[in-house]
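Student: This structure is in structure tokens; I'll ask about it shortly.
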Amino acid sequence: MMPHHPPHDSHARSACRGVGTVLGAVLLMSACGPTDTELRAAGRVERARWTAEGALNVVMIVVDTLRADHLGCYGYPRATSPNIDRLASRSVRFESCTTAWPETCQSMAAILSGAWCQTTGVVVRTPQAIPQELELLPEILDRRGYATAAFTTNSVLSKENRFDQGFDTYVELSRPELNPKRWSEVALAAEWIGQHAHEPFFLWVHHLEPHAPYAPQNAGRFVGDRWYDPSRRVEVRPPERSYDALGGFPGFSAIRGHDELAYYIAAYDSEIVDVDAKVGELLAALDEMELADDTIVILVADHGEGFGEHDYYWHGKVPFEETAHVPLLLRVPGVAPGVSRDVVSTIDVAPTVLELLGLPRAPLHEGESLVTRLRDPEAPNDERVVFLEAGFEKRDRAWQRAVRDRRFKLVYMPGQHERRQLNLDEYQLYDLQDDPGETKDVLDKFPEEAERLRKELFAWMRDASLFATDDSPMTPEELDRIRAQGYGGE
């Protein structure tokens, strides 16, 4: 059964500032079915008045490859994230957020569209273009008169792959010719905010750190500390095995002279420190421009990173928590901070933004608005389940799926090739309450729970409606850029 979609709550905006009479007029236009041209014209004429009357801006910060459990606000002992932790203290923090697919192309298509990957059709392969028919959150906001911009650092998030849909400004920092001043994504974003501070805006900043290959500003920051255990050695693959992540580090991510797992984790953590500083700079820019009280801030990751927990390193191919569990923080003006332990998904971001802005949910949205959790983070929703896809077997739709609730997670591996590669059975059940690391299959102990989740999973799979997709139309030079970040070898 697909997750229940709650009806739009007319009181949703009571948690934040009012949106003003102009926005109300635009909503009335929506009910009458205006054209895109009418919406765009009406919105752009009235942008300044919207801001004066209380329309909220949206800043979505996506940190690539960021595991939730490597942040202080999620219990990590190393001091990796003082600025993100400070943001968390002023936000509603979602304890159990699951990505839709633990790889960038697939995950960002899901976040921006509010739909599962089996719906978007962006599955398995990277790079891959977003279907033109897929309506993205920035397109919706652009038609409503919002200024829209994105500053991205991951090379798979290219215009060729159509991630620029709905953005007035779209800057790919992986292309030096598009950033001649060599400014950081934060500096470019801050400049853009300054130019659009008088009008409502939607801004997406995508940070590449801590994506492999790890090259932190201070590689030795955590080497030798109390949590550094140099005893475990890992095979580091040669260049000809750059994308082989089962049983050892893929060759593209090799750090010369090091095969101890602890060194790679320390380098990863040090990159979190680097990106945390960037997050702090962006938040400081909002404060300096006196926009913090007018701006929804979202921090989320596209996926995590594996460090051998299931004999897998890196991300994208397995549905386990080290790559699936991501941070989600929502700072909303007028909303008290708190912690929600409900199970949520990254596809909930888009419908949440629309409800916070007083806009109707999009027809394609399969995520749930989290506004009710913002009002009362501790109110439990024990009925919610979320889904996850991963894998490397596209033939016959045989990639992996998983479904989880507050306690249990069922993993389904239909492909024999993937089962042999990972040495796992077709089904595994994990008790995340007692075994958050998914070390023990308890399917035999809880057969009724496994069957309940299996029915949920198969009902959801039957509802799949894939858009037609295509592989990336990137040039050889562009493919070289993405291979440097570990993509393109599937």
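Student: How much of the accessible area of segment 69-209, in percent, comes from carbon and sulfur atoms when a 1.4 Å probe is used? Let's see the in-between values first.
Tutor: Details: 1700 of 3640 Å².
Looking at segment 69-209 in its full context, I get 47 percent from C and S.
Student: If you don't mind, there's one more thing I want to ask. Over segment 152-197, give the accessible area per residue in Å² for a 1.4 Å probe, as an integer. Working shown, then result.
Tutor: Details: 1810 Å² over 46 residues.
Using a 1.4 Å probe on heavy atoms only, each residue of segment 152-197 averages 39 Å².
Student: Quick one: accessible area per residue over segment 408-449, 1.4 Å probe, rounded to a whole number of Å²?
Tutor: Working: 2460 Å² over 42 residues.
Spelled out: the 1.4 Å probe surface of segment 408-449, per residue, equals 59 Å².
Student: At a 1.4 Å probe radius, carbon and sulfur cover how many percent of the accessible area of segment 252-359?
Tutor: Numbers: 1220 of 2560 Å².
The value for segment 252-359 is 48 percent carbon and sulfur by accessible area.
Student: Sort S174, S231, S91 by heavy-atom solvent-accessible area, probe 1.4 angstrom, most to least. Mind showing how you got there, number by number?
Tutor: Details: S174 25, S231 85, S91 0 Å².
Largest to smallest exposure gives the sequence S231, S174, S91.
Student: Exactly which chymotrypsin sites (Phe, Trp or Tyr not before Pro) in segment 151-200 are in a DSSP loop and have at most 16 other Cβ atoms within 10 Å? Could you put the intermediate results ahead of the total?
Tutor: On the way: sites: F151, F163, F167, Y170, W183, W192; in loops: F163, F167, W183.
Sparse-neighbourhood loop chymotrypsin sites (Phe, Trp or Tyr not before Pro): W183.
Student: Follow-up. Go through 97-103, 460-466 and give me the packing order, highest mean Cβ count within 10 Å leading.
Tutor: On the way: 97-103: 29.9, 460-466: 13.6.
So the peptides 97-103, 460-466, ranked by packing, come out 97-103, 460-466.
Student: Related question: Which value in nm describes the separation of the simple spin-label points at E160 and K455, placed 7 Å from the Cα toward the beta carbon?
Tutor: A separation of 4.8 nm, rounded to one decimal place.
Student: Let me ask you something else. Using θ = phi - 60° and the Karplus form 6.51 cos²θ - 1.76 cosθ + 1.60, what ³J(HN,Hα) does each residue of segment 282-297 get, whole Hz, x for Gly and Pro?
Tutor: 5, 5, 5, 4, 4, 5, 5, 8, 6, 10, 4, 7, 10, 9, 6, 10
Student: For segment 335-355 and segment 360-427, what is the centre-to-centre distance using only Cα atoms, to the nearest Å?
Tutor: Centre-to-centre (Cα) distance: 17 Å.
Student: How high is the FRET efficiency from A197 to R86, r the C-beta distance, R0 22 Å, rounded to 0.05? Present the calculation step by step, with values, prior to reporting the outcome.
Tutor: On the way: r = 23 Å, r/R0 = 1.03.
Computed FRET efficiency for A197 and R86: 0.45.
Student: Next question, about the same structure. Only sites in a loop by DSSP and with at most 11 other Cβ atoms within 10 Å count here; which chymotrypsin sites (Phe, Trp or Tyr not before Pro) in segment 66-122 make the cut?
Tutor: Details: sites: Y74, F94, W116; in loops: W116.
Here no chymotrypsin sites (Phe, Trp or Tyr not before Pro) fit, given the DSSP loop and packing criteria.
Student: To the nearest Å, what is the center-to-center distance of segment 223-247 and segment 193-209, using C-alpha atoms only?
Tutor: Computed from Cα coordinates, the inter-centre distance equals 37 Å.
Student: In a Debye calculation with equal point scatterers on the alpha-carbon sites of segment 81-139 and no solvent, what is log10 I(q)/I(0) at q = 0.27, 0.29 Å⁻¹?
Tutor: -1.02, -1.12
Student: Next up: Are there trypsin sites (Lys or Arg not before Pro) in segment 317-348 that DSSP puts in a loop and that have at most 10 other Cβ atoms within 10 Å, and which ones?
Tutor: Taking segment 317-348 and a limit of 10 other Cβ atoms within 10 Å, no loop trypsin sites (Lys or Arg not before Pro) are found.
Student: Enter the accessible area per residue of segment 359-399 (Å², integer; probe 1.4 Å; all protein chains in place). Numbers along the way, then the final one.
Tutor: On the way: 1840 Å² over 41 residues.
In whole numbers, segment 359-399 has 45 Å² accessible per residue.
Student: Turning to a different aspect of this structure: What's the Kirkwood radius of segment 362-442 in Å, using all Cα pairs? The partial results should precede the final answer.
Tutor: Working: mean 1/r = 0.0678 Å⁻¹.
Kirkwood radius, segment 362-442: 14.7 Å.
The values are calculated or read from the model by the stated rules, or taken from the named source; none is laboratory data. Since the structure is predicted, the reported quantities are computational estimates derived from the model, not experimental observations. FYI the Cβ positions are ideal-geometry reconstructions off the backbone, even for glycines, and counts take in every protein chain you see. Ligands, DNA and RNA are stripped out before the accessible areas are found, and what is left, the full protein with its side chains, is counted by its heavy atoms. Shrake-Rupley method; radii C 1.70, N 1.55, O 1.52, S 1.80 Å.
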